[in-house]
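Chemist: First the structure, then my questions, so here it is.
The values are calculated or read from the model by the stated rules, or taken from the named source; none is laboratory data. Worth saying up front: this structure is predicted, and the values here are computed from it rather than measured. So basically every Cβ, Gly included, is an ideal-geometry build from the backbone, and we count neighbours across all protein chains shown.
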Amino acid sequence: MEEIKQIIEIYNVEITIGTLVAFFVLLALYLIAEIRISKLKNRYNQLVRGIDGINLEELLIENGNKMDKLQDDFLRLGNKVDKLETKLTFAIQKVGFVRYNAFSDMGSELSFSIAFLDNFLNGFVLTSIYGRENSICYAKPIKNGKSQYPLSVEEMQAIDRAIKGDYE
C-alpha cells in the first residue's frame, strides 16, 4: 500500500492530467450519445406524429393496411383509365371544317361541310348548302375515312382536314 502512495505522490500531476483527459473524452462521448438520442427521438416523434400511447407495431400494421388499400385503389383507377381510353378511341377526336359558296351568285361562304371522325376514322360528314330560296342540310356516314355515298369536293376536303388535323 505504501508503494501505491509513493507512486501517486511522484506521478500526481500525470494522474490528474490523465483523469482530466479521460473525463473530457467521456464528456465528449456523452454529448455525442445525447445528440444521437435526440435525433432518434425526433425521428420517432415524426413516425408516430405525436400520438400518445401507440404501439410502434400497431402503427406499422395500420400503415401496412393503408398501403394495401392504396394499392387496391390504384389498381381500380388504372382499370378505369383503361376503360376510358378504350371509350375515347370511339369518341369524336378529329374535326375538319370547310366553308364555301355553293352557288356562284351567293357570297359570304354560307355553305359548309364539317367532318366528325373518331380515332378509327369512322363518323360522319355534315353538309349545309345555303341558297336564297332554301337551305339544305344532310349527313353522310364515314367508315375508315371513306363513304359509300358520293362525296363532294368540299366534303372530301373536310374529311382530309379532319384526318390531317388541319383546322384552317
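Chemist: Quick one: which of 11, 100, 30, 44 is among the hydroxyl-bearing types (Ser, Thr, Tyr) and closer than 30 Å to residue 154 by Cβ?
Modeler: 100
Chemist: Additional query: From the list 124, 74, 116, exactly one residue is out of contact with any strand residue (DSSP E or B) (no Cβ under 8 Å at 6 or more places or on another chain) and at negative phi. Which is it?
Modeler: Selected residue: 74, the only one of 124, 74, 116 that is out of contact with any strand residue (DSSP E or B) (no Cβ under 8 Å at 6 or more places or on another chain) and at negative phi.
Chemist: Would you confirm whether or not region 95-106 contains a residue that is under 27 Å from the mean Cα position of the chain (by Cα), assigned by TED's automatic domain parsing to the domain that holds residue 160 and assigned to a loop (DSSP other than H, G, I, E, B)?
Modeler: No; the residues of region 95-106 include none that is under 27 Å from the mean Cα position of the chain (by Cα), assigned by TED's automatic domain parsing to the domain that holds residue 160 and assigned to a loop (DSSP other than H, G, I, E, B).
Chemist: Residues of region 109-146 being crowded, with 17+ Cβ neighbours inside 10 Å and polar (S, T, N, Q), which ones?
Modeler: 111, 113, 127
Chemist: Considering only residues that are over 14 Å from residue 162 (Cβ atoms), touching a Ser or Thr at 6+ places or on another chain (Cβ under 9 Å) and not in a strand (DSSP E or B), which ones fall in region 114-136?
Modeler: Passing the criteria: only 131.
Chemist: If you scan region 118-143, which residues turn out to be of a type in the set (A, V, I, L, M) and modelled with pLDDT under 95?
Modeler: 121, 129, 136
Chemist: Is it the case that residue 40 is at pLDDT below 95 and either surrounded by 10 or more Cβ atoms within 10 Å (Cβ to Cβ) or within 37 Å of the chain's Cα centre (by Cα) (or both)?
Modeler: yes
Chemist: Continuing with the same structure: Check region 153-167 and report whether any residue there is among the basic types (Lys, Arg) and surrounded by 10 or more Cβ atoms within 10 Å (Cβ to Cβ).
Modeler: yes
Chemist: Quick one: what pairs do we get from region 89-110, first residue closer than 22 Å to residue 131 by Cα, second assigned to a loop (DSSP other than H, G, I, E, B) and charged (D, E, K, R), C-beta under 9 Å, 6+ apart or different chains?
Modeler: Going by the 9 Å Cβ cut-off, the qualifying pairs are 97/168; 99/109; 100/109; 101/109; 103/132; 105/132; 106/132.
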